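Chemist: First the structure, which I've put down as structure tokens, then a few questions once you've had a look.
The numbers here are math on the coordinates, done by the rules we state, and not lab data. A quick note: this is a predicted structure, and the numbers were derived from the prediction, not measured. As a convention, Cβ positions derive from the backbone with ideal geometry for all residues, glycine included, and neighbour counts pool all protein chains shown.
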Amino acid sequence: MDPISLGIGIVALVIFVITVISIANNPNHGFFGKLLWMAVAFFLSILGSILWLVFGRGRVSK
């Protein structure tokens with residue numbers, strides 16, 4: 001495997017892990033909402049992570 005391909009794969013994995021942790025810690029969505037967002041992040045790879053970070057996080061009123 002080329003070093004560039006390995007590096008891109010590692011970066012994608014790190015972004016995915018950060019996204020899953022962010023989804024799990026978010027209080028805005030219930031269990032099924034979190035499960036759905038995790039499926040989107042998994043199946044759409046980098047695009048799913050970007051969608052979560054831009055649209056899914058939302059804001060919690062205090």
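Chemist: At a Förster distance of 30 Å, what's the computed FRET efficiency of ALA39 paired with LEU6, Cβ-Cβ distance as r, to 0.05?
Modeler: Working from the Cβ atoms, E equals 0.70.
Chemist: Tally Lys/Arg at +1 and Asp/Glu at -1 over every other residue whose Cβ is under 12 Å from the Cβ of ASN25; what's the total?
Modeler: +2
Chemist: For the pair VAL54 and ALA24, how long in nm is the line joining their label points, each one 7 Å along Cα→Cβ?
Modeler: 2.6 nm
Chemist: Let me ask something else about it. Using only Cα atoms, tell me the angle between helix 3-25 and the longest principal axis of the chain; keep it within 0 to 90° and round to the nearest 10.
Modeler: That helix lies at roughly 10 degrees to the long axis.
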